[in-house]
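Please treat every number below as a calculation from the coordinates, not as lab data. Because the structure is a prediction, the values reported are computed rather than measured. Don't worry about glycine lacking a Cβ; one is built from the backbone with ideal geometry, like all the others, and counts go over all protein chains shown.
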Amino acid sequence: MKGLMMDYPLTVTSLMRHVAAQHGASEVYSLTVENPAHRTTYAEIFRRCARLANALRRLGMKEGDRVATMAWNDYRHMELYYGISCMGGVLHTINPRLFPEQLQYIVNHAEDRFLFSDPLLLPLLEKLHADFPTVEAHVLLSSKQAMPESSVPNLISYEELIEGESDSFDWPALDENTASSMCYTSGTTGNPKGVLYSHRSTILHTYASGLSDAININSTDSVLPVVPMFHANSWGVVYCAPMVGARLVLPGPKAGDPEALVAMMNSERVTTALGVPTVWLGLLNYLEATGQHLETVRDLVVGGAACPRSMMVDFEERHGIHVIHAWGMTEMSPLGSVNAPTASTGGMDAEAKLHQQLSQGRAPYGVEMRLVDDDGGELPRDGKAVGRLQVRGSWVAHGYYRAEESALEDGWFDTGDVASIDPEGFMRITDRTKDLIKSGGEWISSIELEDVAMAHPAVAEAAVIAMPHAKWSERPLLIVCLKEDAAVDADTLLAWFEGKVAKWWIPDAVEFTDELPHTATGKVSKLKLREQFAAAG
Ligand code: ADP
């Protein structure tokens, strides 16, 4: 027997209607190149979304078209989020920190028809636009007056594009499984892969993010996403804050500037901020050096990489700020787990509480987790067994854009993380099977670095592992075994990488060894290397 309730599709459009009706007056503050304190409201943003949609329709945009953004966190980027998805288009947020070849691959693979870029990224766009043949129009997120001279043909300003358009748009009634946005994630090998979110997955993820045991925000909060809007939808905050009516404070290009962040957090009375450990470390050092305080921050959400113990202790004990440790992936929209105390936490001593709080937390409803061994056998949730962490759920990808094969193993998505899960569901990441290094929230491929090292005439075999690093969370360490009778010193070898990979990818140090450890299948054992070189960092 079927229930008799309405079939009310879960769409970003219905979220937009809700926010306009319930929280239209809530403020959105942005720092942009043109304005250090731009203030608007959700209602005004949605009016401008309608103008944007009218303009895009005028340019010939159709449902399903991909529209790309290369932009920082501000109100115009937010208008693109809602305007494009609610038209039935696919918002494609691009990480401008990727290499030119990756950017070129991504735009061409997604076949983006329009590209909206931040003025600060114009030099990058000028270098690359000729490699983006599918892009029919380039728009700069700028006013008409502030438009710079540019070699990009027919570059138009965002304000000129939407000027004179109507404030209303007949938003289409979309099926909730329609694609709403996409984000490419860098794989271990090969090209980046496109994760394609749907309206339904986005809305369900938004519900879960807003729970009190998750990001814990409501309409009295002021929320600052330091995490960029091109990193898995700013961890969903661009949807979650409006859903509950919280105010948004958007730091524009200043997300990496502790001085600007602290000033903004205090003047805008920020209660919750979200970002990767590297950002919070810079901020802690700045607070220490200047003797300043975060006057209104209640919760800091730390994710994207493991939260260091000292960071949690410093924020909690010296600054009275609660740290919420979260884990996720682009393929998970990204929320996978979040740490909140349970009834039994109250009875623990301080050390046990801290140990629990440092774990990656528990899965919200909508995500299931399991641990498997190398043969696919399920492992117990006893807090001791360690295995490959697999997930499934309403906002987990089952495949990648324009890839034939499923991304699943037996119905589950393998995260590439290695973890334990305790009987209460607290998950703790202990290692990683994917061959990547996460430095300051961005990926470095160990395989690519190994390829470069092995191309050096003196190198017989090379391996790159992630070493824990106080500032960047992880940095690459190069371990090499030289050819017989060959000689090269560390500096010469590191100089070999210059011009072959991005500067920040170049390993910090080289260790020379007579032999690399191998697994039974003949692969370099990264596990053994990590044990062997644990002290080198
Ligand atoms: P994000 O945008 O959240 O950084 P990515 O898909 O780029 O998403 O990276 C996901 C990976 O980052 C995870 O599989 C895991 O290896 C790592 N990661 C994310 N959060 C944490 C965390 N809290 N602790 C340890 N590793 C984490």
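Details
- Here region 246-373 was treated as a single set of alpha-carbon atoms; its pair distances binned every 10 Å from 0 give 11, 41, 34, 13, 2, 0 percent.
- Residues R76, R269 arranged by fewest to most Cβ contacts within 10 Å: R269, R76
- Summed over qualifying helices (DSSP H, 4 residues or more, each -39500 (n - 2.57)) and divided by its residue number, the chain shows a 222 nm mean residue ellipticity of -7500 deg cm²/dmol.
- Distance from the Cα centroid of region 345-367 to that of region 443-510 is 37 Å (rounded to whole angstrom).
- Between N177 and H319, the simple spin-label model (points 7 angstrom out along Cα→Cβ) gives 4.5 nm.
- Cα convex hull of region 76-159 - mean projected area over all directions, nm²: 5.3
- Rg/Rh ratio calculated on Cα atoms of the chain (Kirkwood radius): 0.96
- Extension gain, R298 to S212: 0.36 nm times the residue separation minus the Cα-Cα distance gives 29.6 nm.
- Projected-area average for region 89-225 over all orientations - Cα convex hull basis, square nanometres: 11.6
- Burial ordering of E484, E331, E163, E44, fewest other beta-carbon atoms within 10 Å first: E484, E163, E44, E331
- Rg/Rh (Cα only; Kirkwood hydrodynamic radius) as it applies to region 451-502: 1.01
- In this rough spin-label picture, where each label sits 7 Å from Cα along the Cβ direction, the A385-N191 distance is 4.0 nm.
- Binned Cα-Cα distance frequencies in region 376-472 - 5 Å width, integer %: 2, 11, 14, 16, 18, 16, 12, 6, 3, 1, 0
- Pairs beyond 32 Å (Cα-Cα), from K500/K523; K144/K503; K193/K483; K62/K193; K62/K254: K144/K503; K193/K483; K62/K254
- Taking a Cβ cut-off of under 14 Å around I217, the surrounding Lys, Arg, Asp and Glu residues balance to a net charge of 0, with basic ones at +1 and acidic ones at -1.
- With contacts taken as Cα pairs under 8 Å and at least 6 residues apart, the chain reaches a relative contact order of 10 percent.
- Distance between the 7 Å Cα→Cβ label points at K523 and S406: 2.2 nm.
- Per-selection Kirkwood Rh - region 233-285 (Cα, Å, 1 d.p.): 11.9
- Between the alpha-carbon centres of region 57-128 and region 1-55 there is a gap of 19 Å.
- Base-10 log of normalised Debye intensity for region 1-151 (one unit scatterer per alpha-carbon) at q = 0.11, 0.16, 0.20 Å⁻¹: -0.47, -0.93, -1.33
- Straight-distance crosslink candidates among aspartates and glutamates, where the alpha carbon sits under 13 Å from K528 and sequence neighbours closer than 8 are dropped: D431, E515
- When M264, M1 are sorted by how many other C-beta atoms sit within 10 angstrom of their C-beta, beginning with the fewest, the order is M1, M264.
- Mean Cβ count within 10 Å, highest first, over the residues of peptides 138-144, 233-239: 233-239, 138-144
- Across the alpha-carbon set of region 206-317, the Rg to Rh ratio works out to 0.93, Rh being the Kirkwood radius.
- Distance-filtered residues of region 294-326 - backbone nitrogen under 13 Å, label point 7 angstrom along N266 Cα→Cβ: 294-297
- Coordinate range of the alpha-carbon atoms in region 155-281 per principal axis, descending: 46, 41, 39 Å.
- For K353, the lysines whose Cα comes closer than 23 Å to its Cα, not counting residues fewer than 8 places off in the same chain, are K384.
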